[in-house]
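Okay, so here's the structure we're looking at.
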Amino acid sequence: MTDVLDLTADVLIIGGGPAGTWAALRAAQHGADVLLVDKGYCGTSGATAPSGTGVWYVDPSRAEREKAKASRESLGGHLADHRWMDRVLDQTYENMDLLATEGRYPFPVDSGTGRQIRTGLQGPEYMRRMRAWIRRRGVRILDHSPALELLVDTDGQVRGAAGFQRQESRDYRVSAGAVVIASGGCAFLSKALGTNVDTGDGALMAAEAGAEFSGMEFSNAYAIVPENSTVTKTAYYGYATFFRGDGTVIEGAGSTKGRSVIAETLVNERVFAQLDRADEKVQRQMRLGQPNFFLQFDRRGIDPFTDRFPITLLAEGTVRGTGGIEVVDDTCATTVPGLFAAGDAATRERICGGFTGGGSHNSAWAMSSGSWSGAAAARFARAESIAPLADLRAIGDAGLRPSRPAAMDHTEVLAAAQAELVPYEKNFLRDGERVRDALGALETLWYDNVSGLRGDDGETRLRSRQAAAITAVGRWMYHSTLARTESRGMSKRADFPDLDEAQRHHILTGGVDRIWTGIGPLKSTVRDGVRAAS
């Protein structure tokens with residue numbers, strides 16, 4: 001590298017969505033010098049920025065909190081932890097109050113009570129305010145600067161990261177006292193709204209440092225969208241009736257329950273939807289709550305409340321699922337010293353179990369885990385000296401440092417990986433034989449081609465790294481799926497259709513070239529699971 005930007009920081013945040021900005025805010029509040037790097041433009045990139053989202057904001061009365069916790073208990077396969085739910089509910093309540101005052105977010109006001117309504121956020125305004133807020137706190141931001149690999153010292157402790165500034169065409173390196181990965185989940189570049197930056201890069205970086213993952217089998221979230229659309233606001237389809245092309249109703253099809261019926265029908269024929277169960281009052285509320293949901297219909301001259309329109313399913317992977325980097329204590333530390341995880345990059349099993357957190361739970365987790373990890377990273381960094389960059393080692397391999405020649409380039413690798421991960425008949429309608437076949441194809445792809453990917457310039461390195469990360473996430477996901485021989489939460493298997501109480505535990509996984517899986521106990525504060533190579 002001839003033109004390299006070398007920087008230091010107490011805390012380095014990788015990712016500029018809700019989790020990353022809350023982590024940066026809390027780290028700065030604890031006196032840390034904070035640097036945040038974002039693949040896009042912090043405040044506009046990621047799944048939250050282009051749309052509205054609910055928030056798991058619940059009145060602190062005991063009855064309301066118990067009701068909120070019970071809402072996902074069964075759906076999540078009884079894998080959630082009530083202590084963690086309480087922590088998230090408390091932290092979210094505090095953060096939303098702080099967002100209203102110090103963050104200056106303009107919450108709407110209930111005309112009847114005069115109280116602000118804090119159960120939802122408009123993504124564009126929310127993230128604009130978060131960017132402004134952290135800048136007021138002195139956080140430095142590198143936009144359009146994706147991190148590509150972590151830097152470690154001789155003991156394997158994470159000490160920073162290296163990446164590429166796209167608009168400057170310049171590499172950068174950061175030496176830091178602690179690193180928070182808040183880079184989002186992985187949606188396999190399926191074109192789901194806002195997920196073009198969510199390619200699993202942070203997961204691959206963490207794995208190369210030795211981090212573990214939990215709940216990766218619960219990464220098969222699919223959103224209902226109109227054909228040729230990217231807008232994944234699935235909650236509104238709770239007001240829909242689903243039809244075949246001949247106009248007959250598809251029995252059992254639904255948004256929350258019955259999405260598999262939609263998928264099974266789509267394998268053989270088109271499916272149509274109509275939001276015919278929303279009355280006039282609800283229709284007005286829907287247009288106010290998610291105006292971008294209706295743009296796609298207005299431009300096509302479709303009234304979704306009176307017209308039927310064709311739909312399909314888009315993969316959202318770990319963005320809407322619950323699997324991610326394992327956290328080992330209340331600070332959201334990982335199994336690697338100096339490395340913390342937050343938001344969709346981290347496992348959300350603690351509060352959702354094995355079922356999607358949707359928008360509300362995931363947004364609450366993002367601001368809570370971001371707060372905890374940012375504060376903890378600042379405390380960790382305070383006890384560490386900033387290491388000279390010359391003493392640090394870059395540990396990225398796949399897509400950066402090829403170990404063998406590759407027959408495919410990054411475009412071909414991505415297409416091959418997507419062919420095994422995106423189709424709902426493989427990843428959503430799961431069957432052991434199909435999963436094994438898909439995993440076998442990904443393993444062959446990894447050894448024959450991903451390990452040989454390289455880039456001669458910054459953009460090619462970024463694309464190669466993304467293709468490698470997507471393939472890696474798919475391998476952890478399918479290995480974990482095969483390790484759970486039952487149907488629990490989101491992971492339904494046709495060959496094991498029943499719930500097995502003996503498998504009420506977490507599935508851990510990790511590794512890069514050789515993947516392992518193991519069992520993790522339900523007690524989230526205990527980190528040592530029983531590992532077994534798979």
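Scanning segment 378-389 turns up at least one residue that is part of a helix (DSSP H, G or I), touching a helix residue (DSSP H, G or I) at 6+ places or on another chain (Cβ under 7 Å) and assigned by TED's automatic domain parsing to the domain that holds E326. When D330 is tested against the conditions (1) buried (at least 18 other Cβ atoms within 10 Å of the Cβ); (2) closer than 22 Å to N362 by Cβ, the lone failure is (1). The residues in segment 135-158 that are surrounded by 16 or more Cβ atoms within 10 Å (Cβ to Cβ) and on the phi > 0 side of the Ramachandran plot can be counted, and the count is 1.
Exactly one residue among A390, A381 is out of contact with any Pro (no Cβ under 7 Å at 6 or more places or on another chain) and touching a residue at least 24 places away in the same chain (Cβ under 8 Å), and that residue is A381. Tell me, please, whether a residue that is under 30 Å from A32 (Cα atoms) and of a type in the set (G, A, S) can be found in segment 395-413. Among the residues of segment 395-413, at least one is under 30 Å from A32 (Cα atoms) and of a type in the set (G, A, S), which makes the answer yes.
If you go through segment 332-353, how many residues are at negative phi, outside any strand (DSSP E or B) and more than 11 Å from the chain's Cα centre (by Cα)? Final tally of qualifying residues: 8.
Residues that are assigned to a loop (DSSP other than H, G, I, E, B) and under 15 Å from F340 (Cβ atoms) within segment 152-183 comprise Q157, A182, S183, listed in sequence order.
Could you count how many residues in segment 190-218 are touching a strand residue (DSSP E or B) at 6+ places or on another chain (Cβ under 8 Å), within 21 Å of R463 (Cβ to Cβ) and of a type in the set (A, V, I, L, M)? The total comes to 5. Considering only residues in segment 42-55 that are assigned to a loop (DSSP other than H, G, I, E, B) and not small (G, A, S), the one that is modelled with the lowest pLDDT turns out to be P50.
When you check G396 against the structure, is it buried (at least 19 other Cβ atoms within 10 Å of the Cβ) and more than 13 Å from the chain's Cα centre (by Cα), yes or no? For G396, the condition - buried (at least 19 other Cβ atoms within 10 Å of the Cβ) and more than 13 Å from the chain's Cα centre (by Cα) - is met.
Scanning segment 75-87 for residues that are crowded, with 23+ Cβ neighbours inside 10 Å and either closer than 26 Å to V231 by Cβ or out of contact with any Lys or Arg (no Cβ under 8 Å at 6 or more places or on another chain) (or both) turns up just one, G76.
Here is a yes/no grid of residues against (1) of a type in the set (G, A, S); (2) assigned to a loop (DSSP other than H, G, I, E, B):
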site	(1), (2)
G40	yes, yes
Y57	no, yes
H78	no, yes
Q91	no, no
M96	no, no
A100	yes, no
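Checking each residue in segment 355-374 for being surrounded by fewer than 23 Cβ atoms within 10 Å (Cβ to Cβ) and either acidic (D, E) or on the phi < 0 side of the Ramachandran plot (or both) picks out only S360. Checking E486, E420 one by one, the residue that is of a type in the set (D, E) and surrounded by 22 or more Cβ atoms within 10 Å (Cβ to Cβ) is E420 and no other.
Per the listing A132, A161, A221, the residue uniquely surrounded by fewer than 20 Cβ atoms within 10 Å (Cβ to Cβ) and among the hydrophobic types (A, V, I, L, M, F, W, C) is A132. Per this entry, L400 is not counted among residues that are assigned to a helix (DSSP H, G or I), hydrophobic (A, V, I, L, M, F, W, C) and touching a helix residue (DSSP H, G or I) at 6+ places or on another chain (Cβ under 9 Å). The set of residues in segment 47-74 being crowded, with 17+ Cβ neighbours inside 10 Å and in contact with a Lys or Arg (Cβ under 9 Å, 6 or more places away or on another chain) consists of A47, A49, S51, G52, V55, Y57, V58. Determine the pairs where a residue that is over 24 Å from T306 (Cβ atoms) and among the hydroxyl-bearing types (S, T, Y), located within segment 247-266, has a partner that is surrounded by 13 or more Cβ atoms within 10 Å (Cβ to Cβ) and at pLDDT 90 or above with Cβ atoms under 8 Å apart, the partner being 6 or more residues away or on another chain. From segment 247-266, the pairs are S260/F428; S260/L429; S260/K492.
Taken together, R465, R514, R504, R493 contain a single residue that is at pLDDT 90 or above, surrounded by 22 or more Cβ atoms within 10 Å (Cβ to Cβ) and of a type in the set (K, R), which is R465.
The residues of segment 273-290 that are among the hydrophobic types (A, V, I, L, M, F, W, C) and in a loop (DSSP other than H, G, I, E, B), listed by number, are L275, A278. Here V450 does not qualify as of a type in the set (V, I, T), buried (at least 17 other Cβ atoms within 10 Å of the Cβ) and closer than 23 Å to T312 by Cβ. I want to confirm something. Restricting to segment 166-189 and keeping residues that are surrounded by 24 or more Cβ atoms within 10 Å (Cβ to Cβ) and small (G, A, S), which single residue is nearest to the chain's Cα centre (by Cα)? Going through the qualifying residues, I end up with G185.
With respect to D298, is the statement that it is surrounded by fewer than 21 Cβ atoms within 10 Å (Cβ to Cβ) and in a loop (DSSP other than H, G, I, E, B) true? The answer is no for D298.
Checking each residue in segment 222-272 for being part of a loop (DSSP other than H, G, I, E, B) and aliphatic (A, V, I, L, M) picks out V231, A240, I250, A253, V267. The set of residues in segment 354-377 that are more than 15 Å from Q91 (Cβ to Cβ) and not in a loop (DSSP other than H, G, I, E, B) contains only A377. Just to be sure before I move on: is P108 over 30 Å from R379 (Cα atoms) and without any contact (Cβ under 8 Å) to a residue 24 or more places away in the chain in the structure I sent? Judged against the criteria, P108 is a match.
The values are calculated or read from the model by the stated rules, or taken from the named source; none is laboratory data. On a predicted model such as this, the values are computed, not experimentally measured, just so you know. Virtual Cβ from ideal backbone geometry, glycine too; neighbours counted across all protein chains shown.
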